Every structure is written in C-alpha cells, then in structure tokens.
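In what follows, a single structure is set out as structure tokens and then discussed.
The values are calculated or read from the model by the stated rules, or taken from the named source; none is laboratory data. Being a predicted model, the structure only gives us computed values, none of them experimental. Reconstructed Cβ throughout: ideal geometry from the backbone, glycine too, with neighbour counts over all protein chains shown.
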2 protein chains.
Amino acid sequence: MMAGMSSALRLPSADTPFTNPLDGLLGYQLRRASAVMLADLSETLADLDLTVTEVSILLQIDANPDITQSDIGRILAIKRANMAPMTAALQERGFLDRVAADGRSQSLRLTERGRTICNEVRDRISRHEARFLPDISPAEREALIEMLALIWVG
Amino acid sequence: MMAGMSSALRLPSADTPFTNPLDGLLGYQLRRASAVMLADLSETLADLDLTVTEVSILLQIDANPDITQSDIGRILAIKRANMAPMTAALQERGFLDRVAADGRSQSLRLTERGRTICNEVRDRISRHEARFLPDISPAEREALIEMLALIWVG
DNA sequence: TATTGTTATACTCTATAACTATA
DNA sequence: TATAGTTATAGAGTATAACAATA
C-alpha cells in the first residue's frame with residue numbers, strides 16, 4: 001500500500017545536481033517531514049489492518065470515554081460525513097460500541113478488543129516516534145513539539 | 001475550494017473539554033501544522049488558479065533551467081505518471097516550453113509568462129511564510145527548519 | 001537492460017449537498 | 001433554528017501497470 005514509499009520520500013537532495021528553492025521554506029519542510037512520518041506510521045500499523053486515522057479515533061475514545069463521533073471530528077478536523085463510515089467500520093470490527101446518549105447523539109466506548117489494540121498501537125507509536133530525531137534531547141524535542149503546536153492552534 | 005478550511009483546522013483544542021492523547025506526538029503536530037500551512041498557501045494562490053504542486057514545479061524550473069520532469073519528480077517525490085499531466089497543463093497555459101534534450105528527455109524552460117508568475121508567487125509565499133510563527137527570531141526559525149529537514153532527508 | 005514520457009486506472013482522503021431525526 | 005448522524009457524490013492526490021521510444 002505504502003510499501004517503499006518512505007524510502008523514496010527520503011532520498012536526500014544531495015543525490016541530485018539541482019538546487020531546491022523550497023528548501024528554506026517552513027511549509028515545505030513541514031510537508032516533507034510530515035509525509036515521511038505518516039508513511040512510516042502507516043507501515044508500522046499495516047499488519048494490524050488499521051489506518052492512521054482509525055487509530056487516531058480509537059485513541060481519542062480511549063482517552064475520552066463516551067465521546068461522540070462529532071466531537072472526535074472536531075478535535076481531529078475530520079468532517080461529520082467522513083466520520084460516519086469510519087466509526088461504522090470500527091464497530092463492525094468489534095473495536096467499539098455505541099450507546100445512545102440522547103435521541104440524536106451516540107456515546108462511543110471501546111470494547112475489550114478495542115482497548116487491547118490501543119495498547120499495542122501505543123507501543124508501536126512510541127517506537128515509531130523514537131525513530132525520528134533520535135539525537136536531540138527530550139527538552140529540545142518538547143520545544144519542537146510546542147513550536148509546531150503554535151503553528152496550527154489558533 | 002479550500003475556503004474556510006484553515007479556520008476550521010485551527011480550532012484550538014482548548015475549546016473542548018476533551019484531552020487529546022496525540023498532542024505530545026511529533027508526527028501529529030507535524031501533520032496538523034503542515035495541513036494548516038498547506039491550506040493557507042492554497043488560499044493564497046487560489047486567485048492565480050495555481051495549485052501548491054504546480055507552483056512547486058514552476059519554481060523548480062526557474063531555479064534549474066532545462067531540468068526534466070522526471071528530475072522534478074525525484075526532487076519533489078512526485079511520480080513520473082503524475083508529473084506528465086501537470087507539465088502538459090502548465091505548457092498549455094503558457095507557463096513553460098519543452099525542448100528535446102535527447103530522444104526521450106525534454107528540457108523544461110519557463111516562458112516569460114512563467115517567470116512573471118514565479119515572481120508574483122515568490123512574493124506571496126514570502127508573506128504566507130511570515131504569517132506563521134511571527135514571534136520567533138530568524139535564528140530560531142532557521143534552527144526549526146534545519147531540524148525538520150533532519151526528519152526526512154535520509 | 002534501464003530510463004523517459006505517456007495513458008489508463010484505482011484507491012484514499014476530503015469536500016459539499018441533502019436528508020431524517022432530535023435538541 | 002441548530003445539531004447528530006447518514007448517504008451520495010465529486011474532486012484532489014497518489015499509487016500501480018503497461019506501453020512505445022530511446023539510452
């Protein structure tokens with residue numbers, strides 16, 4: 001699916017005789033770095049047959065029991081219309097249950113299977129994260145993450 | 001097209017009573033930050049009827065006259081098969097010309113119109129970049145950009 | 001035998017529109 | 001009147017496969 005993608009994405013520009021006028025742009029570096037980490041995480045989860053978006057949803061429910069799918073959509077910037085088939089699929093696979101909260105809202109809860117897969121996913125994400133920028137200090141890493149949050153948190 | 005997208009993406013998590021277990025992840029912060037900057041750049045270029053990928057191609061040609069579309073694809077991680085319709089469209093719109101380099105390769109060059117649009121695009125990209133993290137020093141910004149390059153440059 | 005350019009095609013992601021039911 | 005959930009659908013972006021022409 002994404003096999004071989006991250007290695008292709010990671011070809012260093014030093015391999016070419018060309019200059020890349022985008023190299024000094026924050027937006028460009030964000031896009032390339034994000035694509036490589038996303039591809040790596042996707043490979044990391046492939047044998048579980050879970051997408052990055054699906055595990056993001058499961059982890060939200062695990063951290064916020066009885067959250068609704070609309071709330072998850074607002075947190076993760078996924079439209080209501082696109083949340084519906086994802087939660088339906090995750091329920092069909094036995095990772096979550098739905099309980100009527102009121103007449104129109106449904107509380108989402110993980111099943112035992114959902115909680116088990118979340119533990120496995122957290123382990124894999126930890127190892128995935130540790131593969132990138134292994135040489136910077138925890139303080140530098142935290143500063144980097146906080147700086148990135150400033151870009152998109154209003 | 002992407003109207004209103006960046007404002008929706010930038011809704012702060014503080015607006016919700018939920019905790020986001022992804023907040024501390026480098027990959028998550030990269031994805032959100034990248035999406036917001038991409039959406040902003042897309043809006044910035046919308047009235048020129050140019051996509052972010054199209055201007056990336058034009059800027060590569062401007063910086064590397066007579067580059068081939070395969071080389072651009074390698075630099076930007078765009079597959080040959082997807083480069084073909086893009087360069088065809090940019091040529092049809094009068095932004096670039098093709099000259100046979102050898103029997104199978106074509107040198108790409110910007111037309112006068114292509115160079116003019118590149119100047120406008122560079123101005124807009126500069127203002128776009130300046131809208132993000134306006135309070136950090138140039139040195140901090142450069143350090144951030146170099147750190148991001150370490151993530152994806154092999 | 002490998003590379004360039006091209007076409008066809010499929011899959012994912014994400015967007016809008018429209019609908020029902022409920023607050 | 002606004003919101004939750006759903007379905008249908010359309011547009012990007014990106015993947016593979018196959019082909020002809022050339023190195």
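Checked against the criteria, B:Leu96 does not count as within 23 Å of A:Ser34 (Cβ to Cβ) and more than 10 Å from DNA strand C (Cβ to nearest atom).
Among the residues of segment A:123-154, those identified as among the small types (Gly, Ala, Ser) and modelled with pLDDT of 95 or more are A:Ser126, A:Ala130, A:Ser137, A:Ala139, A:Ala143, A:Ala149. Filter segment B:100-121 down to the residues that are in a strand (DSSP E or B) and hydrophobic (A, V, I, L, M, F, W, C), then identify the one that is nearest to B:Glu43 (Cα to Cα). This residue is B:Leu110.
Only one entry in A:Gln106, A:Gln91 is near DNA strand D (Cβ under 10 Å from one of its atoms), at pLDDT 95 or above and in contact with a strand residue (DSSP E or B) (Cβ under 6 Å, 6 or more places away or on another chain), namely A:Gln106. Please work out if B:Met37 is part of a helix (DSSP H, G or I), touching a helix residue (DSSP H, G or I) at 6+ places or on another chain (Cβ under 9 Å), aliphatic (A, V, I, L, M) and within 13 Å of DNA strand D (Cβ to nearest atom). No; evaluated as a whole, the condition is false for this residue. The sole residue among B:Leu58, B:Leu76, B:Leu50, B:Leu41 that is more than 12 Å from chain A (Cβ to nearest Cβ), more than 11 Å from DNA strand C (Cβ to nearest atom) and within 13 Å of the chain's Cα centre (by Cα) is B:Leu50.
Cβ-Cβ contacts under 7 Å between residues 6 or more apart (or on different chains), taken from a first residue in segment A:45-72 that is under 12 Å from A:Gly114 (Cα atoms) to a second residue that is of a type in the set (Phe, Trp, Tyr), are listed as A:Leu58/A:Phe95.
If you go through segment A:66-78 one residue at a time, do you hit one that is at positive phi and part of a loop (DSSP other than H, G, I, E, B)? Yes, because at least one residue in segment A:66-78 is at positive phi and part of a loop (DSSP other than H, G, I, E, B).
Listed here are the residues, each with its yes/no results for (1) within 15 Å of the chain's Cα centre (by Cα); (2) away from chain B (no Cβ under 12 Å).
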{"residue": "A:Val99", "(1), (2)": "no, yes"}
{"residue": "A:Gly103", "(1), (2)": "no, yes"}
{"residue": "A:Ser107", "(1), (2)": "no, yes"}
{"residue": "A:Val121", "(1), (2)": "yes, no"}
{"residue": "A:Ile136", "(1), (2)": "no, no"}
{"residue": "A:Ala139", "(1), (2)": "no, yes"}
{"residue": "A:Ile145", "(1), (2)": "yes, no"}
{"residue": "A:Trp152", "(1), (2)": "no, no"}
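Just one residue in the set B:Leu108, B:Leu38 is of a type outside the set (Val, Ile, Thr) and either loosely packed, with under 13 Cβ neighbours inside 10 Å or closer than 30 Å to A:Ser56 by Cβ (or both); that residue is B:Leu38.
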